[in-house]
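Reviewing the structure listed below.
Only the coordinates and a few stated rules stand behind these numbers; no lab work does. Remember, predicted model here, so these are calculated numbers, not experimental data. In this analysis, Cβ positions are derived from the backbone assuming ideal geometry, glycine residues included, and neighbour counts consider all displayed protein chains.
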Amino acid sequence: MKAKRKTLRKNPAEFIKGYMVKLAERHEILYAVFPNGYVLTTGKIKYSTSFDKKGREWSPASLPENAEFIGNYPSPHGRHKNPSSVRIVHNKLLGGWYVVRGPHQTPLSGRFNSKEEAQAYLRKKNPAPENSKKSFFGMRVRIQKFNADTWIESEEAAYPKGGKTRDGEARVDNPAGRLVKIKAGVSDTYFTIPATAIEGKQKIAGYLTVDSETLVFHGRKKNPARKKSRSLSVPETHQLKIARDTLKMHPAAVIVMGGPSHAEARAIIARLTGKRK
């Protein structure tokens, strides 16, 4: 017997309600009502049974009373793997900044005159936590707050291994930079803390400092002099191995055994790998 396929009931909050107002000469106006009550419209278009958003300009509107309900459609953020991916975008058509979510930029709030206003709105909705949920030997981990909505957990959150497990938020490069989430470790010097900034799927290694009583993240810059790694040929692989073995030998032994000197060995390693050793 074939196993019956289970049908999952979708949450009604994951659907967009579609409405239509028919006009003369085979024209219509489509309306999309999102789960949060936000309404978008296509304006006057030629009649079509497709409700696809591609190729159409949608703008905010209010739903008229004579609109006819035509069905439920999957919400873009309902299909998205990460429904909490909220970000700020600029809409040239509407001339303002909006808080959106998902790959199709489902509007959550707006319009804002500047990106700073939208960031301030998000900070009010997601303020810095008052207390951490982590603990160390029964003691609650403290939250250290700084200016410009920056904060970090105390060092107990990284104990006992000392890894980058301290959560926080910091400004990038300067106290007026954008706000990013960080994972920090234990202080390695009196002025810096090793950390990693997380922006979407990208992770950037760097360190934290305190500037003007604000927690600032500095990303480590790549060395432009270092060559990119490439696949070595068989002769180059043997040459590299001989050069590294030469550096492990005493200079007198190198003269007796023959082969490249220490200076020549360092030049070979630098040429093949871009490193000194």
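Tabulated data for the structure shown
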read-out	value
All-pairs alpha carbon distance profile, the range 86-125, 5 Å steps from 0, percent	6, 29, 36, 22, 7, 1
The range 234-273 shape via C-alpha gyration tensor axes, a/c threshold 1.5	prolate
Built amide H within the under 5 Å cut-off of residue 211, gap 5+	216
Given 17/44; 46/92; 44/201, the pairs whose alpha carbons are separated by over 30 Å	44/201
Assigned charges on the beta-carbon of Lys, Arg, Asp, Glu; the range 234-273 dipole about Cα centre (debye)	100
Residue exposure sequence - 104, 218, 27 - by fewest surrounding Cβ within 10 Å	27, 104, 218
Cβ-based exposure ranking for 249, 139, 20, in which fewest neighbours within 10 Å come first	139, 249, 20
Nearest-0.05 FRET efficiency for residue 161 and residue 72, computed from C-beta distance (R0 45 Å)	0.35
Burial ordering of 209, 150, fewest other beta-carbon atoms within 10 Å first	209, 150
